[in-house]
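Worksheet: the structure to be examined is printed underneath.
The values are calculated or read from the model by the stated rules, or taken from the named source; none is laboratory data. Values in this document were obtained by computation on a predicted structure and should not be read as measured data. All Cβ positions, even for glycine, are placed from backbone atoms using ideal geometry, and neighbour counts span all protein chains on display.
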């Protein structure tokens, strides 16, 4: 699942709050600038994934021209994407944990924060990432349940399902103050 800008902000906020509550993070730059930098790490990772997907699409177009009708795009795309990601060392699984590491390590490498205890800071940040992942999974589940409970049977993958899912997802976010 691709995180929205709002969700990226939420993830970085949870990490910062957890680290600050335990006095594990000292800012060497303006906190708002450091926050924006943390969000950029995740956005850059998504930009890499988008470029990878475009490359996979181009490869599939080439294969299809060479071998018309001999494979199914929907099956080939994930295989190509996975292979390219492995070659480019792009993490596609356990994304939230990877994003937490990028944020915590990247801010330190950019010399905009110091951690009073680096190992503990990473553990606390990872825990915040796990909490964030539970939260978005719970919201996703509730939104899916609401769509499934509609009297008319809305099939997943249809434009109507997408609209209803987004509506209910946003409602759940609002309930939680996100």
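Please pick out the residue among 12, 91 that is modelled with pLDDT under 90 and surrounded by 12 or more Cβ atoms within 10 Å (Cβ to Cβ).
Matching residue, one of 12, 91: 91.
Can you name every residue in the range 152-174 that is more than 16 Å from residue 141 (Cα to Cα) and part of a helix (DSSP H, G or I)?
Across the range 152-174, the qualifying residues are 159, 160.
Given the options 58, 81, name the one that is buried (at least 16 other Cβ atoms within 10 Å of the Cβ), free of Cβ contacts under 8 Å to residues at least 60 places away in the same chain and in a helix (DSSP H, G or I).
Within the list 58, 81, the selection yields 81.
Going by the conditions given, is residue 6 part of a helix (DSSP H, G or I) and either surrounded by 14 or more Cβ atoms within 10 Å (Cβ to Cβ) or at pLDDT 90 or above (or both)?
Against the criterion (part of a helix (DSSP H, G or I) and either surrounded by 14 or more Cβ atoms within 10 Å (Cβ to Cβ) or at pLDDT 90 or above (or both)), residue 6 does not qualify.
Using the structure shown, decide if residue 107 is in contact with a strand residue (DSSP E or B) (Cβ under 6 Å, 6 or more places away or on another chain), in a helix (DSSP H, G or I) and either modelled with pLDDT under 90 or within 27 Å of residue 36 (Cβ to Cβ) (or both).
Considered against the rule, which asks whether it is in contact with a strand residue (DSSP E or B) (Cβ under 6 Å, 6 or more places away or on another chain), in a helix (DSSP H, G or I) and either modelled with pLDDT under 90 or within 27 Å of residue 36 (Cβ to Cβ) (or both), residue 107 comes out as yes.
Take the conditions without any contact (Cβ under 8 Å) to a residue 24 or more places away in the chain, over 30 Å from residue 35 (Cα atoms) and more than 17 Å from the chain's Cα centre (by Cα) and apply them to residue 73. Does it pass?
yes
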